[in-house]
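Trainee: Have a look at this one before I ask anything.
The values are calculated or read from the model by the stated rules, or taken from the named source; none is laboratory data. The structure displayed is predicted, hence computed values, not measured ones. Note that each Cβ is placed from the backbone with ideal geometry, even for glycine, and that neighbours are counted across all protein chains shown. Accessible surface is based on the protein model in full, side chains and every heavy atom, while ligands, DNA and RNA are left aside. Shrake-Rupley method; radii C 1.70, N 1.55, O 1.52, S 1.80 Å.
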Amino acid sequence: MMKQVDVLIVGSGAAGLNAALQLHYRGITDLLVLTDGLEHSTSINTGSDKQTYYKLALCGDALDAPAAMAASYTTGGAMHGDLALVEAAVSPRAFAHLVELGVPFPQDAFGQYVGYKTDHDPRQRATSIGPYTSRVMCERMVARVRSLGIPVREKCTVVELLTEPLVDGKRSACGAVFVNEHQQLEAILARDIVFAVGGPGDLYRDSVYPPMHRGGIGPALLVGAWARSLPESQFGLASTAFRWNVSGSYMQALPRVVSTARDGCCDVREFLLDWIPDTNELYSLLFLKGYQWPFDAARVPAGSSLLDLLIYHEQTVKQRRVFLDYRTNPNGLDVGSLAEEARLYLEKSGAVGETPLERLRQMNPAAVELYRTQGIDLAVEMLEVAVSAQHNNGGLAADRWWRSENIRHLYPVGEVNGSHGVKRPGGSALNAGQVGGFRIAEYIAHSRYAEPQQPITHIHQQAAWVMLTKLQSWLALPGVTDANTAMAEIRARMSDCSGILRHASQLQQAVDESCELLQSILQNGVVAGSIREQLYLRQAAATSLLYLDAVRFQAEAGVGSRGSYLMLADSGESLHPALPLSWRKTAENVHFRSQVLVSWLDEYQQPRHRWEACRPVPQPEHWFERDWADFRDGKVFGEDAGTVSFS
Ligand SMILES: Cc1cc2nc3c(=O)[nH]c(=O)nc-3n(C[C@H](O)[C@H](O)[C@H](O)COP(=O)(O)OP(=O)(O)OC[C@H]3O[C@@H](n4cnc5c(N)ncnc54)[C@H](O)[C@@H]3O)c2cc1C
């Protein structure tokens, strides 16, 4: 008899763990969390100078409301308004749950949760517990998962989703095939699948995602799940030996930015001065990078993102290595002559030390300690950095109850759910992952009472056996592709062609190469290696093909430069006379802010795309008694709930 479970949760980052808890709280207790590992997620391994959680403002006389917060989400464009409203409306509950679990978000003497402004945030909605907000969230949730006895199977990697066709042409998820802890293929059937596999961090050569996190959107793409906004990733400056964002105080301390020859020590130069000789201007921009961390197309050429671009140029064109040096001051630094914002901030923070390291210690001693615990002593060595992939705003397409838009019973949540558009407020990734868990659990709990339950039958078992056999046959192929070489190729292509600079002219070739690689893998298999590696490569190749083709499609549609990338074309704006001639920025076509790009792989694993109009932020007319009745009757779960106007 094949194993089966009511709800299967794939992934154990902040989003998967919370979904498991929320389901359990609502009486759905036949659960299983399948995961690469509790210690493998981005959530538990990452952070930043002040890792941010975004929620409705809850302090003082800050006037805030779900509709206002939803408006902040949608300003950058390409985000559906109903999803923005849900993420805003449910944010206080999600936040309160974390507080109750013991995540020590700071409150004042009156119980108010003090906030600060994060990027793309007009109010003070952000909060943080320091560098490790998401790690502590995970630790508290793991403790609760264990105390509730929710089963977790680690060292298990899902490689295929099991689906069955439906009469309306869509499909329904009914289980998964995974490589288990004994390196064997195993299948499990489930009524519902919560898919919480994180972002595609492993697909980039230059990445600040933790190395142990790989991301697993591939199995959903391979069964044709719709995705949206795939080209909208976020990039920023990060250290490479230990992957960490060098945002906030790491920049505000004003380190020396130098480049060296490939050996990392010869020919040390403060190369930024060649481009921006006015030291006050240069160091004011450097300071601003602290809270303007992600590369932002709107901040180039005028603005702090010019520094990311110059660093990228030094590395990719000049082939030199770039470091932050906290031991000595940058040449010509005069703190008293900096822009007022920078000068006042440093003074108020008591960051008046002689060297960048002293200032960093004065502002944020934990920031220095963090590197020391990783074996990097900023007092004696320089910190190598690169402009790195950090987050994908896009991902699988799901509705306001986090149901996949075309695969029934599949619920993408967390970073793999592409609810965000071109820009998102800092901290909203963590909020979205928590809110999603509430929505999924409420929907599934409702459906257990309201809908006839989809039985798990021998047909599903049969489908699982067929899939297992198919995968075994594929694994037995001799293969022509070496997994390590192919992964290095994929990562290089993704970083070079869909990073901060995207050359329309290079994209077709990148897509053709990706397509060839995927077809070869599907037809010929992969040269030996563990079955986990072989099957991982298969899904990584499919994923990178769809991502790159989405970037190509978007470039050809004329969307232009936006979010965290520049689309380059000969007809574009010159960024600096000394930069390569081909680095010319196309303007953003703002028409596309009201469109969302939907992408999927068809049955031949060929990329397909279409534009969909952004749904506006709903403005339902409320009347308590009527809304109460709709809630009692379960009408809030209906397709058109909230859209029918009251008259
Ligand atoms: C350096 C850095 C700083 C960040 N700072 C912020 C911030 O300040 N604020 C903010 O909101 N966001 C921030 N983010 C983004 C945020 O941390 C992530 O979006 C979020 O943690 C993702 O959570 P998740 O649960 O969706 O995925 P993850 O935490 O990545 O978890 C995914 C889980 O799925 C498992 N998995 C993956 N594939 C498979 C598979 N095929 N089979 C089984 N298991 C699988 C993994 O092992 C893991 O357990 C930052 C990200 C980075 C990299």
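Trainee: Which condition number in (1) near the ligand (Cβ under 9 Å from one of its atoms); (2) surrounded by fewer than 24 Cβ atoms within 10 Å (Cβ to Cβ) is the one that residue 187 fails?
Mentor: Unmet for residue 187, out of (1) near the ligand (Cβ under 9 Å from one of its atoms); (2) surrounded by fewer than 24 Cβ atoms within 10 Å (Cβ to Cβ): (1).
Trainee: Within region 328-343, how many residues are open to solvent by 20 Å² or more (accessible area, probe 1.4 Å) and in a loop (DSSP other than H, G, I, E, B)?
Mentor: The qualifying residues number 7.
Trainee: Considering only region 245-304, state which residues are touching a strand residue (DSSP E or B) at 6+ places or on another chain (Cβ under 8 Å), more than 30 Å from residue 393 (Cα to Cα) and free of Cβ contacts under 8 Å to residues at least 60 places away in the same chain.
Mentor: 262, 266, 267, 268, 269, 271, 272
Trainee: Please go through (1) of a type in the set (D, E, K, R); (2) part of a helix (DSSP H, G or I); (3) in contact (Cβ under 8 Å) with a residue 24 or more places away in the chain; (4) within 16 Å of the ligand (Cβ to nearest atom) for residue 146 and return the number of the only condition it doesn't satisfy.
Mentor: It is condition (3) that residue 146 fails.
Trainee: To continue, here is another question. Given (1) surrounded by 14 or more Cβ atoms within 10 Å (Cβ to Cβ); (2) within 27 Å of the chain's Cα centre (by Cα); (3) farther than 30 Å from residue 181 by Cβ, where does residue 541 come up short, assuming only one miss?
Mentor: Only one criterion is unmet by residue 541, namely (3).
Trainee: Does residue 441 qualify as being part of a helix (DSSP H, G or I), within 16 Å of the ligand (Cβ to nearest atom), crowded, with 20+ Cβ neighbours inside 10 Å and without any contact (Cβ under 8 Å) to a residue 40 or more places away in the chain?
Mentor: no
Trainee: Going by the structure shown, is residue 448 among the basic types (Lys, Arg), in contact (Cβ under 8 Å) with a residue 60 or more places away in the chain and in contact with a strand residue (DSSP E or B) (Cβ under 7 Å, 6 or more places away or on another chain)?
Mentor: Here the answer is no, as residue 448 does not meet what is asked.
Trainee: For residue 542, state whether it is among the small types (Gly, Ala, Ser) and modelled with pLDDT under 95.
Mentor: Against the criterion (among the small types (Gly, Ala, Ser) and modelled with pLDDT under 95), residue 542 does not qualify.
Trainee: State all residues of region 32-46 that are open to solvent by less than 20 Å² (accessible area, probe 1.4 Å), more than 6 Å from the ligand (Cβ to nearest atom) and under 17 Å from residue 133 (Cβ atoms); if no residue qualifies, say none.
Mentor: Passing the criteria: only 44.
Residues checked against (1) within 16 Å of the ligand (Cβ to nearest atom); (2) open to solvent by less than 20 Å² (accessible area, probe 1.4 Å); (3) modelled with pLDDT under 95:
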{"position": "94", "(1), (2), (3)": "yes, yes, no"}
{"position": "137", "(1), (2), (3)": "yes, yes, no"}
{"position": "155", "(1), (2), (3)": "yes, no, no"}
{"position": "170", "(1), (2), (3)": "no, no, yes"}
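Trainee: Moving on. Which residues, taken from region 389-421, are within 15 Å of residue 563 (Cβ to Cβ) and open to solvent by 10 Å² or more (accessible area, probe 1.4 Å)?
Mentor: Within region 389-421, 390, 391 meet the criteria.
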